[in-house]
Amino acid sequence: MTITARLYRNGRVADSSLDPSRISEVVKDPGALVWLDVDRPTQEVMAALQEEFGFHELAIEDSLQPHQRPKAEQYEGYYFLVCYLVESRDTTVVSRELAAFVSPNYLVTIRKDPEIDLETAARQWEGHPDRLAEGAGYMLYVLLDQIVDGYFEAVDALEDRTEDLEEVILGDDAHDARTDIFDMRKALFRVRRAVAPLRDVLDSLQRRTIAVVTTDLEPYYRDVYDHVLRVTDYIDTLRDILSSMFDAHLSAVSNRLNETVKRLTSWAAIVAVPTLIASIYGMNFRHMPELEWRFGYVYALVLMAGLSFLLYRFFKRRDWL
């Protein structure tokens, strides 16, 4: 577990290794902006943060318990948020949970997964000191914007796999793709479960009941909100495509089965003719006219070959063979 804290003043880093025990007195300064990051929180650390910031016990509990639903809850003077970062890996989707406390002059991020990298977001907001001077609302915007951009990357990767799967289904390969389709639908469901609730989260933030989202930041949050809607529509479109692909796959499997049955039936009919003739002349009756015929054997062979050839031509013209 690691805890890092940075102090910003006038949009620039004033202290890159702020002592967390000083945060309660630092945040009282209206010109100070604090970012505190906690990696893999423990009960003791969250209890210390609760005492330092006055966080609600329910928000502390949600910060420790995994698998929370993405949400934004308002408390006195701050918001508590839960969101998920999504990454596409081969045939599956990995989601990582992130919790955050945000007020006008501080942002506390709780990383339940150590692989979550927030330094990219930090470099971006530190590269725009004029925006960062507006408060933690800009820090949160940059963070949410990068998370939503990750959704686009994950869905784009899923779309590429969907196109590959479509080529398999529509090709001549007899591969059963039902398992692959179900895996894709599960992956899309995981992404949608992370993305869809963010619409309500951004809507709550834009109400500006707490001065986190300033008037100047409203267009930026609306842009992230629009991106979330686009990703959601994108996911729904892919889900519809997968449903159509599943139906097409079942039709293709059924057609291949029908083709196989037709071929087997055709060959069975062709083989049945010589079998029938051989069976007739293989009976042990004494009074059969052709048994004493000199050319009976040749006649039987020619008859079997001729009828088999006629049946072969018949089924071939109907594309059964």
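Read-outs throughout are calculated quantities, based only on the coordinates presented, and are distinct from any laboratory measurement. Computed from a prediction, not measured in an experiment: that's the story for all the values here. For neighbour counting, all protein chains shown are included, and Cβ atoms are generated from backbone atoms with ideal geometry for every residue, glycine included.
Hydropathy at least 1.0 by Kyte-Doolittle, axial extent at least 30 angstrom from the Cα trace: which helices of the chain, defined as entire DSSP H runs, fit?
296-317
For the ranges 146-154, 55-63, what's the packing order if you count other beta-carbon atoms within 10 Å of each residue, average per peptide, and put the highest first?
146-154, 55-63
Pop a pseudo-label 7 angstrom from the Cα along the beta-carbon direction at both Asp233 and Phe314 and give the gap in nm to one decimal.
About 5.9 nm separates the two model spin labels.
What order do you get for 252-258, 303-309 when each peptide is scored by the mean count of other beta carbon atoms within 10 Å, highest first?
So the peptides 252-258, 303-309, ranked by packing, come out 303-309, 252-258.
Would you calculate the separation in nanometres between label points at Lys71 and Leu301, each defined as 7 Å from the Cα along the Cα-to-beta-carbon direction?
Taking the simple label geometry, Lys71 and Leu301 are separated by 8.7 nm.
To the nearest 20 Debye, how big is the dipole of the range 253-317 about its Cα centre, given +1 on the beta carbon of each Lys and Arg and -1 on that of each Asp and Glu?
I would put it at about 340 debye.
Add -39500 (n - 2.57) for each DSSP H run of 4 or more in the chain, then divide by its residues: what number comes out at 222 nm, to the nearest 500 deg cm²/dmol?
The helix-only estimate for the chain comes to -19500 deg cm²/dmol at 222 nm.
Count the lysine pairs in the chain whose Cα atoms lie under 29 Å apart, taking only pairs 8 or more positions apart in sequence or on different chains.
6
Projected onto the charge dipole of the chain (+1 at Lys/Arg Cβ, -1 at Asp/Glu Cβ, origin at the Cα centre), which of Tyr75, Tyr8, Thr120 gives the Cα projection farthest towards the positive end?
Among Tyr75, Tyr8, Thr120, the one farthest towards the positive end of the dipole of the chain is Thr120.
Pairs of alpha-carbon atoms within less than 8 angstrom and 6+ residues apart define the contacts here; what relative contact order does the range 1-114 have, in percent?
Value for the range 1-114: 25 percent.
What length, rounded to one decimal in nm, is gained on full extension from Leu58 through to Asp149, with 0.36 nm per residue of separation minus their alpha-carbon distance?
Extra length available between Leu58 and Asp149 comes to 29.8 nm.
For the range 216-251 and the range 37-52, write down the distance between their C-alpha centroids in whole Å.
For the range 216-251 versus the range 37-52, the Cα centre distance is 36 Å.
With only Lys, Arg, Asp and Glu charged, each at its Cβ (+1 for the first two, -1 for the last two), find how big the charge dipole of the chain is about the Cα centre; round to the nearest 20 debye.
Value, rounded to 20: 2000 debye.
Hey, for a label at Asp117 modelled as a point 7 Å past Cα toward Cβ, could you say which residues of the range 126-144 have their backbone N under 14 Å away?
none
Mind ordering 261-268, 107-114 by average Cβ neighbours within 10 Å, highest first?
Answer by packing, highest mean first, reads 107-114, 261-268.
Here are several values of Rg/Rh (Cα atoms, Kirkwood Rh): (1) 1.10; (2) 0.99; (3) 1.42. Which one was derived from the coordinates shown?
Derived directly from the coordinates: (3).
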